Structure formats: structure tokens, C-alpha cells
Amino acid sequence: MLDRVLGQETESVKAVDGVSFEVAEGETLGLVGESGCGKSTTGETVLRLREATEGWITFDGDDLLAMDDDELTQFRKRAQIVFQDPFSSLDPRMTAGDIITEGLRIHGIADRAERRERAGDLLERVGLSADQIDRYPHEFSGGQRQRIGIARALALDPEFVVLDEPVSALDVSVQAQILNLLDDLQAEFGLTYLFIAHNLSVVRHICDRVAVMYLGEIVEIGPVEEIFADPKHPYTEALLSSVPRVTTEERDGDFSTLRGDVPSPRNPPAGCRFHTRCPEARAACRESTPPAYAVGDRRQAACFRADEDHTYWESEPIEENARTNDA
Ligand code: SF4
Ligand code: MG
């Protein structure tokens with residue numbers, strides 16, 4: 001369905017480089033990484049909420065970047081987004097009913113009475129009640145607001161939904177309810193999801209496959225259970241070892257197994273972008289950029305360690321990394 005997204009630029013920063021993935025109809029692909037790694041940018045780019053300056057994106061075989069305004073309008077009915085923050089993403093001056101049906105109104109679908117009926121049905125479907133239709137966002141809890149955000153995304157009967165950290169801003173007790181709801185809706189409406197998250201524990205329960213991003217690149221992609229059982233990229237390993245530390249804080253997961261901060265995407269390290277933090281880094285990792293190596297049938301990892309014949313294996317370890325990471 002959604003076939004590919006490649007590099008795109010924002011201002012002078014190339015936030016996402018050579019990102020390439022496919023999402024099959026009816027599946028959930030997780031896109032995981034630390035803050036600033038380009039995952040939201042990627043999500044927005046595939047919906048053309050942001051312009052891509054190079055590369056290609058196809059949706060059901062159609063080239064998204066070549067669409068004219070009319071085609072884009074049609075595409076926008078088929079692809080929707082649920083945002084991270086249910087507090088800032090709902091207009092406080094609009095009622096729940098108007099928020100949910102705004103897309104129908106903009107696209108000139110249904111009259112007022114029909115839209116109201118549709119909003120009532122959707123409220124019920126996401127676990128709220130049709131009599132809450134005239135309430136304002138401040139009258140709902142965070143979890144309820146996210147249910148409204150989900151109802152809004154469903155109003156146009158989309159096929160594809162980008163879920164941009166849909167539970168990160170919610171209490172842990174509410175997160176599972178929202179994830180279950182998303183799961184049920186996917187089965188009922190045959191939805192395809194791109195699920196953006198900053199920790200792997202959330203994606204485990206909902207995703208079929210996961211793509212791990214670091215500094216604007218996908219470093220590993222494959223079936224979620226295989227990646228959990230046996231991560232091939234050292235960054236994925238670090239993300240996995242941070243899983244038990246997940247908190248409800250708004251900051252990203254605790255990456256204390258890694259030294260240093262995420263380098264600036266304006267000036268990414270040469271060679272493997274992860275070499276400044278990688279516990280397995282060797283001199284060869286400074287010199288060239290690892291391609292995406294196939295690992296088995298359905299997985300890829302961009303790390304020289306996936307190639308048993310690579311000069312990496314004869315090259316000197318970057319001692320500094322190993323020491324700091326062990327400490
Ligand atoms: Fe680490 Fe080298 Fe693999 Fe990059 S290529 S992830 S620096 S071992
Ligand atoms: Mg984000």
C-alpha cells in the first residue's frame with residue numbers, strides 16, 4: 001500500500017536520509033527512535049504534510065509526490081494522522097462533534113445532520129458516548145481526548161493511519177486501553193498503521209514489523225518478534241536494554257546504556273552515524289557507511305557486523321566507546 005519514502009529536506013537540515021520502507025496493506029509498521037531522529041518527519045512526509053525534495057512515495061501504486069491538488073485531496077481522505085498530544089491537537093473552541101467531522105465538512109461530505117449522526121456513531125465506536133457530542137476538549141480526560149483524536153482520524157473512512165506517538169502523553173494505565181482500541185479498529189476497518197514511538201515496549205504489542213531509526217536513517221527493520229529476540233544492530237540492542245526503564249515522563253526513554261548525546265543531524269558523524277556512541281564500534285566504522293545488509297528473509301540491518309567478511313572484523317576497536325559504555 002504505502003511503498004516507499006526516501007530522503008527529504010527541511011530548511012538546511014536533511015532530517016531524513018535515504019529512509020526506505022514499505023507498509024503492507026493491513027499491517028502495522030512501527031517506527032522507533034529517540035527524539036529528533038526523524039521519525040515524526042517521516043510520518044508527516046508520507047502524508048505529504050511536509051514536502052519531500054527527493055525520493056519517492058507511492059500509495060497503492062500512485063506516486064504521491066506527483067499528485068496534483070485534486071489527487072492529493074482524494075489521497076487525504078484515505079490517509080489520516082493521530083497526533084501525540086491530545087491536549088494541543090484538539091481545537092479548544094470546537095465541540096467534540098465538530099472536531100470529529102471537520103474533515104467531512106472540509107471535503108463537503110454529508111450535510112450537517114448526517115455529520116452529527118456520524119460523530120455520534122464514532123464517539124460510541126471509540127468508547128465514548130454520543131451524548132458527549134457537544135462537549136469541549138477541556139471537559140474530557142487525556143485518554144478521552146485521544147479517543148476523540150482517533151474518531152476524527154476515522155471520520156473519512158481512511159485506509160492508512162499514521163499514529164504519531166498516540167499514547168506517549170497518556171498515563172500508563174490508559175495507554176493499554178488506547179492500544180487495544182487501535183487494535184480493534186484496525187481489525188474492524190482493515191486499517192494499515194504506521195506507528196511512531198520512542199520506545200520499543202509500546203510497539204511490541206501492536207506492530208507486525210518495526211523500523212528502528214537513528215539520526216534520520218533506518219538502521220534495522222524486520223518482524224517485531226525477531227528483532228526483540230535477536231537484535232542485529234547495536235542501537236536496537238541499546239533501545240531494548242532501555243525498555244524496563246520506560247517511564248511516563250515526557251522525555252524519551254532512558255538511554256543510559258549509551259554514551260553521549262545524539263549528535264546534531266546538521267552535522268552527522270562520518271562513516272556509520274552511530275559510531276560515536278556504539279559499544280561495538282571499530283576504526284572501520286569511521287571510514288565508511290554501512291549499507292542495509294539482508295539478515296535472513298525479512299530483515300535488514302545497517303551494521304558491518306551483519307557481514308562476516310567485512311574488514312570491520314580485522315579493524316581496531318574504538319576503545320573509548322567500549323570503556324564508557326561498560327562503565
Ligand atoms: Fe556500531 Fe560499527 Fe555497526 Fe555502526 S557499523 S553500528 S559503529 S559496529
Ligand atoms: Mg515526534
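Just so it is clear, none of the values below were taken in a lab; they were calculated from the coordinates. Keep in mind it's a predicted model, so treat the numbers as computed, not measured. Cβ placement follows ideal geometry from the backbone for every residue including glycine, while neighbour counts extend to all protein chains displayed.
Once you list every other residue whose beta carbon is under 15 Å from the beta carbon of residue 95, what net charge do they have if Lys and Arg are +1 and Asp and Glu are -1? Before the final figure, lay out the partial values.
Numbers: positive: 93, 105, 112, 115, 116, 118, 135, 145, 147, 152; negative: 91, 98, 102, 117, 131, 134, 139.
Net of charged neighbours comes to +3.
Using the Karplus curve 6.51 cos²θ - 1.76 cosθ + 1.60 with θ = phi - 60°, what ³J(HN,Hα) values do you get for each residue of region 132-144, in whole Hz, with x for Gly and Pro?
8, 4, 9, 7, 9, x, 5, 8, 10, 6, x, x, 5
Mind listing the long-range amide H neighbours of residue 293? Cut-off is under 5 Å, sequence gap 5 or more, other chains count too, H placed in the peptide plane at 1.01 Å from N.
301, 302, 303
For residue 81, which sequence-distant residues (separation of 5 or more, or a different chain) have an amide H within less than 5 Å of its own amide H, given hydrogens modelled in the peptide plane?
The answer is 162.
Could you order peptides 307-317, 185-195, 148-158 by the average number of other Cβ atoms within 10 Å of their residues, highest first?
Ranking, from highest mean packing down: 148-158, 185-195, 307-317.
Taking Cα atoms, how many degrees apart are the long axis of helix 172-189 and the longest axis of the chain, rounded to 10 and kept between 0 and 90?
70 degrees
Add +1 for every Lys or Arg and -1 for every Asp or Glu among the other residues with Cβ under 9 Å from the Cβ of residue 40, and state the total. Display every interim value, and only then the final one.
Details: positive: 39; negative: 44, 164, 165.
Local charge sum for residue 40: -2.
Compute all pairwise cysteine Cβ distances in the chain, then list the cysteines with no distance under 4.7 Å to another cysteine.
37, 207, 278, 303
Give the order of 275, 233 when sorted by the count of other beta carbons within 10 angstrom, beginning with the fewest. Please list the in-between numbers first.
Working: 275 23, 233 27.
With the sparsest Cβ surroundings first, the list reads 275, 233.
Around residue 232, what is the net charge, scoring Lys/Arg as +1 and Asp/Glu as -1 over all other residues with Cβ under 10 Å from its Cβ? Each step should come with its number before you reach the end.
Details: positive: 299, 305; negative: 220, 226, 230, 237.
Computed value for this residue: -2.
Taking the 0 to 90 degree range and rounding to the nearest ten, how far is the long axis of helix 69-78 tilted relative to the main principal axis of the chain, both from C-alpha atoms?
Long axis of 69-78 versus the principal axis of the chain: about 90 degrees.
Residue 31's amide H: which non-local residues (gap 5+, or another chain) put their own amide H closer than 5 Å, with H modeled 1.01 Å from N in plane and none for Pro or chain starts?
Distant-sequence amide H within range of residue 31: 195, 196, 197, 211.
In a GNM of the chain with a 10 Å cut-off on Cα contacts, which of 294, 169, 211 has the highest mean-square fluctuation?
Comparing 294, 169, 211 in a Gaussian network model of the chain, the most mobile one is 294.
With everything on Cα atoms, drop me the angle between helix 96-106 and the longest principal axis of the chain, reported from 0 to 90° to the nearest 10.
Approximately 90 degrees, to the nearest 10.
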